[in-house]
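The values are calculated or read from the model by the stated rules, or taken from the named source; none is laboratory data. Note that the structure is a prediction, hence the values are computed from the model and not measured. With ideal geometry, Cβ positions are generated from the backbone for all residues, glycine too; neighbour counts draw on all protein chains shown.
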Ligand SMILES: NC(=O)c1ccc[n+]([C@@H]2O[C@H](COP(=O)([O-])OP(=O)(O)OC[C@H]3O[C@@H](n4cnc5c(N)ncnc54)[C@H](O)[C@@H]3O)[C@@H](O)[C@H]2O)c1
């Protein structure tokens, strides 16, 4: 086995530097190349990191130094890229959402399994210490009966955000606050309290009249375990405030704001609780007011884990198969909003939701 795993980052746009920093600061990973159709973007990043610039994925996949591809393309392009990487025998770390449909997601998971390559997804908020603590407490029964699992994301993105790349305002490219921004927090709810049983959603455009997308979603969730929850997410709320994840049970309440644990209270206070209350970094921006205003630490954890998973021949920390239920909830939200009716799980693909 090589000393270092070689990484190629596909897509040299907004999120690419977060992947690059994760690789550069890893133990056992080496950044080899960026790849983008856009010459200016790929040259700028390749020059900055002093690595190779590719203009086509096929070309990058032929580079024997590349062992892992980070797929950082617009959402509707993940599927073809992941399938090509699997066919070339490269490990893959894809950005969220992994794909636009359950059909594509299942095909990608199967292709990576058949090729014997790792297939992870950067729903990186999962690795935060506050989220890990909340999930462990749910699973050990510390909340008592779980009652509510809520996510509030009141963010702001200006009109220019939607104009800066064509795909950002196209539903068929996987844009819209539900699938693009709220995906992370819907993922946290299903990771902590899932699986979901039923979804009811309403979508509106409150602050971006020039854009044919929902910039706001309100959704009610019913979980299989009987808990319920609300997802309230928007990019219209100036100036944008920290996301809140709130979990309530008969025996306790936990609230994460941004990435900080701001409430951690249980009937059975334990010695470790004092430390858990300090989880998170108050100074860390978390994307509320700017698309690139967040830290690269969580991406770094996911990238380091992939390197370690290859070395240790084990599963990655966030396999795409565990993100499928999040995509299912998101699809259910779009279907519910379109039909103005609740949608029960399991859902099947309804490609018409992407044709708006
Ligand atoms: N995990 C996170 O916190 C996070 C944050 C932002 C974005 N994202 C995700 O990252 C992905 C990329 O988002 P972004 O904001 O960086 O988008 P972007 O538009 O800034 O960058 C995408 C790049 O892909 C390039 N591209 C398009 N088609 C290509 C092709 N066929 N071959 C090579 N390059 C091609 C474009 O030229 C562009 O530079 C999306 O899936 C998005 O949801 C995740």
### Query
When residues of region 267-280 are filtered for being loosely packed, with under 15 Cβ neighbours inside 10 Å and under 30 Å from residue 23 (Cα atoms), how many remain?
2
### Candidate set: region 79-97, residues that are part of a loop (DSSP other than H, G, I, E, B) and away from the ligand (no atom under 12 Å from the Cβ); chosen: the one farthest from residue 118 (Cα to Cα)
88
### Task
Kindly indicate the residue of region 43-69 that is under 19 Å from residue 2 (Cα atoms) and within 12 Å of the ligand (Cβ to nearest atom) and also surrounded by the most Cβ atoms within 10 Å (Cβ to Cβ) among those meeting that condition.
69
### Task
Check 10, 102 and return the single one that is closer than 30 Å to residue 348 by Cβ, crowded, with 21+ Cβ neighbours inside 10 Å and assigned by TED's automatic domain parsing to the domain that holds residue 115.
10
### Query
Are there any pairs with C-beta distances below 7 angstrom linking a residue in region 1-30 that is over 19 Å from residue 56 (Cβ atoms) to a residue that is at pLDDT below 95 and within 11 Å of the ligand (Cβ to nearest atom), with the two at least 6 apart or on different chains, and if so which?
14/291; 14/292; 18/296; 21/296; 22/296
